[in-house]
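Taking it in order: structure first as structure tokens, then the write-up.
The values are calculated or read from the model by the stated rules, or taken from the named source; none is laboratory data. These figures come from a predicted structure and were not determined experimentally. Glycine gets a Cβ as well: all are built from the backbone with ideal geometry, and neighbour counts include every protein chain shown.
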Amino acid sequence: MHVLKFAYYNIFYIFIPIYVIILLYRIKFYKHPVYSYALCDFLKNENLVKKNHNKILFFLRALILLFLMFLIARPQWVDTNSKINVSGVDIVLAVDVSGSMQVFDDLKDRRTRIKVAKDEAIRFIEKRTDDPIGIVIFAKDVISRSPLTLDKNILKQIVSELEIGYINSEGTSLGTGLATSVNRLIKSKAKSKVIILLTDGVPTPEKIDPDTAIDLAKQFGIKIYTIGIGNPQGSFINHPLFGVQRVRTDIDMQLLEKIAKQTGGQFFMANNPANLRKIYDTIDKLEKTEYQTDIFQNYYEAFLDFIWIFLLILGLELFLKLFIWRSICY
């Protein structure tokens, strides 16, 4: 079943009152200018001017304005009953965007951790064509950036825009980020639900501790694949004065192993960008489960369906005005 909706329906709240006011003014208060020509009486007597032509032109012009407002609101057909059988899992990507993600781990590939994480997440999203994916980011604060969706273009855009400082980066609220990711999967009807948690730090004090998040994940049958990103031998940062400097970053690998083990997932350690790519390739081999899901983004632009009606009415009005009722006596 196709339903007509408008992408910018809010403009009706502005345009409709203005449209009604214009019509009322035109009907009740507007008076046509009167010109006196020598042949007017003759033309009227000869009945060469149709008595209703003004009403017809007014109606056509009002209809043109109405259609113009209609088109500006961007009409769309929505397939409300569209469902497909997909082979996949529901996945939430939980990505650490704390300050330590701005360092890099390989002198041969000096992309920062956040840049590598974004690149590989986008690559992973492109491969999982049939899987609804959501995105959660965490540092000191936690934000759900996207609910589960099959719209891969939106997902890739969201991931590409992630930056350090998007939220408060002075901390790592791993437990809260994990609990938020679980919350995104609570209503999922998929038989297989997965969280891919990527972090490079140690949790800081927060409202929801990791153990509570683990219990929530177990309660709802959610697997958690944990990825620790960082080089145990030391990482690097580009200092504005002293160039490349070695820095030390700590990763709570025991906690990440615990999270994965207790929820039926796996723990991975990415020492460099190449390792992270291999890890995502491994996770990509998750078992797939057949299930049916709604397609919420199945919209069809209706602009072309209605623009021809608009042009037809506009052409009719111009034709009548310029060729049929060109000479008018009031």
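General observations
- Number of residues in region 227-262 that are in a loop (DSSP other than H, G, I, E, B) and of a type in the set (Val, Ile, Thr): the value is 2.
- Residue within region 210-226 that is in a loop (DSSP other than H, G, I, E, B) and touching a residue at least 60 places away in the same chain (Cβ under 8 Å) present: no
- Taken over region 134-186, the criterion of being surrounded by fewer than 17 Cβ atoms within 10 Å (Cβ to Cβ), in a helix (DSSP H, G or I) and of a type in the set (S, T, N, Q) is satisfied by Asn153, Gln157, Ser160, Asn183.
- Considering only residues in region 49-89 that are surrounded by 13 or more Cβ atoms within 10 Å (Cβ to Cβ) and touching a Ser or Thr at 6+ places or on another chain (Cβ under 9 Å), the one that is modelled with the highest pLDDT turns out to be Val89.
- Residues of region 201-230 that are modelled with pLDDT of 85 or more and closer than 17 Å to Leu276 by Cα: Ile224, Tyr225, Thr226, Ile227, Gly228, Ile229, Gly230.
- One residue alone among Ile224, Ile195, Ile208, Ile229 is more than 18 Å from Ala139 (Cβ to Cβ) and out of contact with any Cys (no Cβ under 8 Å at 6 or more places or on another chain), and that residue is Ile224.
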